[in-house]
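Have a look at the structure below, then the notes.
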Amino acid sequence: MSWFSFMGALEIGLIFSLVALGVLLSFRLLRFPDLTVDGSFPLGAAVAATLISAGVNPFLATALAVVAAAVAGLTTALLHVKLRIMDLLASILVMIALYSINLRIMGRPNVPLITEPTVFTLLQPAWLSDYIARPLVLLVVVLVCRLLLDWFFATQTGLALRATGANPRMARAQGVSTGRAILGGMALSNALVGLAGALFAQAQGGADISMGLGTIVIGLAAVIIGESMLPSRRLPVITLAVILGALVYRLFIALALNSDFIGLQAQDLNLVTAVLVTVALVLPMLKRRLRAKGD
């Protein structure tokens, strides 16, 4: 794998580590199976790309994309909390609706940003190549998001959110408003995914209506791989693990697709993803069996 391919894989891995953090929040901490991710990721991309192409400042466009994705997550939570729709079904309904909404926002299947300014071009030093500057900017964004999440989960509100996912009945008995915790957690989860979508569109030079397909699978893969690499109950370690999981996942994908002796091509991406997720799921079970035999 060339240096250019490595930096590209690192760039995509850092973007999807934001997705992994969002999936960690909904699936692991809230125990909420959220498929809204497949719609909020392209929603963030669509809002950012449309606004930037209309002349809006890229930073403001990215912020508005985050807000839009948060509203999408909040809508899923409202369907579940207020209308008592099953969590998985509520997320599917919002995901389906977002496909049409994203088309409405963009006005066409894709919006190019090749000649438009982005947060990366505005922050890129003149002496640094873009394929190096983008991963550096993304690294700072991911680290800031991770530190803010670690701080948030240590607050009273964050602890209430974690208690809601761990044991809703006990949380209610302690005076926690589990409904509000779910609303806030889902909004925050999809805000992170929307941020990833907005940055992905600006890094890749445009937004496309189909770019959200399989986002939830990638997020889950990163979480599972990360937890297999760094098993821990401490949340700061877990957030670090899912970031590393996203990076390892993308590096393995790039390595597989750039290894001529394997014979894989770009159309084999979903196959490679399925194999990696399967291996990540099986490894912890094999470890437990080996430990049991050793004891």
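Inside the stretch 38-50, can you point out the residues that are surrounded by 24 or more Cβ atoms within 10 Å (Cβ to Cβ) and of a type in the set (Ser, Thr, Tyr)? Hit for the stretch 38-50 is Ser40, nothing else.
Selection of the stretch 141-153 for residues being surrounded by 12 or more Cβ atoms within 10 Å (Cβ to Cβ) and not aromatic (Phe, Trp, Tyr) yields Val141, Val142, Leu143, Cys145, Arg146, Leu147, Leu149, Asp150.
Only one of the numbered conditions (1) under 26 Å from Gly8 (Cα atoms); (2) in contact with a Lys or Arg (Cβ under 6 Å, 6 or more places away or on another chain) is not met by Thr178, and that is (1).
Considering every residue within the stretch 222-234, establish whether at least one is at pLDDT 75 or above, over 18 Å from Leu14 (Cβ atoms), among the aliphatic types (A, V, I, L, M) and buried (at least 18 other Cβ atoms within 10 Å of the Cβ). Yes - at least one qualifying residue is present in the stretch 222-234. The set of residues in the stretch 58-103 being outside any helix (DSSP H, G or I) and either loosely packed, with under 14 Cβ neighbours inside 10 Å or of a type in the set (Asp, Glu) (or both) consists of Lys82, Leu83, Arg84, Met86. With the requirement that a residue be surrounded by fewer than 24 Cβ atoms within 10 Å (Cβ to Cβ), in a helix (DSSP H, G or I) and hydroxyl-bearing (Ser, Thr, Tyr), what does the stretch 1-37 give you? Within the stretch 1-37, Ser5 is the sole residue that qualifies. Summed over the stretch 206-248, residues that are in a helix (DSSP H, G or I) and either in contact with a His (Cβ under 7 Å, 6 or more places away or on another chain) or touching a residue at least 12 places away in the same chain (Cβ under 8 Å) (or both) total 28. Only one of the listed residues (Leu188, Leu213) is surrounded by fewer than 24 Cβ atoms within 10 Å (Cβ to Cβ), at pLDDT 95 or above and under 26 Å from Met86 (Cβ atoms). That residue is Leu188. Residues that are within 18 Å of Ala69 (Cα to Cα), small (Gly, Ala, Ser) and within 11 Å of the chain's Cα centre (by Cα) within the stretch 1-41 comprise Ser17, Ala20, Gly22, Ser26, Ser40, listed in sequence order. Among the residues making up the stretch 17-46, those that are of a type in the set (A, V, I, L, M, F, W, C), out of contact with any strand residue (DSSP E or B) (no Cβ under 7 Å at 6 or more places or on another chain) and over 25 Å from Leu143 (Cβ atoms) are Phe32, Leu35. On the stretch given as the stretch 173-185, residues that are closer than 22 Å to Ile85 by Cβ and in a helix (DSSP H, G or I) total 8.
The values are calculated or read from the model by the stated rules, or taken from the named source; none is laboratory data. Please read these numbers as outputs of a predicted model, since none were measured by experiment. We place every Cβ from the backbone using ideal geometry, glycine too, and count neighbours over all the protein chains shown.
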